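Nothing in this text is a laboratory measurement; each read-out follows from the coordinates by a stated rule. The structure displayed is predicted, hence computed values, not measured ones. Heads up, the Cβs are rebuilt from the backbone with ideal geometry, glycines too, and the neighbour counts pull from every protein chain shown.
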Amino acid sequence: MGTLNSTLKFYMPVLTIVPTIKSACLPRLVQLSHLHTSPNSQAPVPALPEKGGKTRHGIIPEEIFQLLYPKTGVTGPYMLGAGLLTYILSKEIYIINHETFAAACMGTVIIYGVRKFGPDVAAFADKLNEEKVQKAQEVKDLAMTSLAQAVLDEKKEQWRAEGRQMLFDAKRNNVAMLLETNRRERVHMVTNEVKKRLDYQIALQTLHRRMEQEHMVNWVEKNVVTSITPQQEKTSIAKCITDLKVLAKVQQAKATVAI
C-alpha cells in the first residue's frame with residue numbers, strides 16, 4: 001500500500017493535468033464543431049486519411065504518449081497505465097471475475113484473427129478501394145475531358161462571335177458604300193439635269209443672238225439697197241468695170257514680164 005500511495009502521489013500532477021487539458025481543448029473542439037456544422041461556413045472539409053494514425057500495442061494512440069512525454073518522461077505513460085490499473089483493482093472499481101477471463105479469451109481470439117487474416121482482408125479491402133478509386137478517377141477524367149472540350153467549344157464560339165462582329169462591320173461598310181454610290185449617282189444625275197437645262201438656256205440665248213444678228217443684217221442690207229438710187233447704181237457699175245479692166249491689164253503685164 002505504501003508503494004501504491006507513493007505511485008499515486010507521483011502521478012497526481014499528471015492526473016490533475018488531464019482535466020486542465022480537457023478544459024483547454026473543449027472550447028477549441030466546440031469551435032471546430034461549430035466550424036464544420038455551421039451552414040454559413042465556407043471552410044473546406046479536410047480530406048479523410050487513407051491510413052490510421054500510429055498506435056502502440058494495437059489500441060493506444062501515439063498522441064497520448066507524445067502528450068505525456070514532456071511531463072512524465074519516456075516511461076511515464078507505462079507507469080501511468082500500471083498505476084491506474086492498480087488503483088482500479090485496489091479500490092475494486094473493476095472486479096476480476098469469469099467475464100474478465102472470457103473477455104481476455106475473446107480478445108486473444110480477436111487479436112489472433114486480426115493478425116492471421118488481417119493482411120488478407122486488408123488487401124481485399126484495398127483492392128475494392130482501388131477499384132472504387134479507379135472508377136471515380138475514370139469518371140473524373142471523363143468529366144474533365146468533357147469540361148475541357150466544353151471550354152474549347154466555348155472559346156471557339158467566342159472566336160466565331162468576334163468573327164460575326166467583323167462580318168457585321170463589313171456589312172455596315174458595304175451598306176455605307178452602297179448609300180454613298182447611290183448618293184453620288186443622284187448627284188451625278190442632278191448635275192447632268194442641271195447641265196442640260198443650262199445648255200438649253202445657252203442654246204436659246206445663242207439662237208436669240210443669231211436671229212437678232214440675221215435680222216439686223218437683213219434690215220441693214222434692205223435699207224442699204226433701198227437707199228441706193230439708179231444713178232448711184234450705174235456709177236458703181238461703171239467704176240467696177242473700170243477697176244476690172246485695170247486689174248486685167250496689170251495681170252497681162254505680169255504675165256508678159258514672166259515670159
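Out of 185, 233, 212, 221, which single residue is under 60 Å from the mean Cα position of the chain (by Cα) and in a helix (DSSP H, G or I)?
185
What are the residues in region 49-93 that are in contact (Cβ under 8 Å) with a residue 60 or more places away in the chain and either on the phi > 0 side of the Ramachandran plot or of a type in the set (Phe, Trp, Tyr) (or both), if any?
Listed by number, the list holds a single entry, 87.
For region 43-77, which residues satisfy the criterion of being within 30 Å of residue 113 (Cβ to Cβ) and either surrounded by 13 or more Cβ atoms within 10 Å (Cβ to Cβ) or among the β-branched types (Val, Ile, Thr) (or both)?
55, 59, 60, 61, 64, 65, 77
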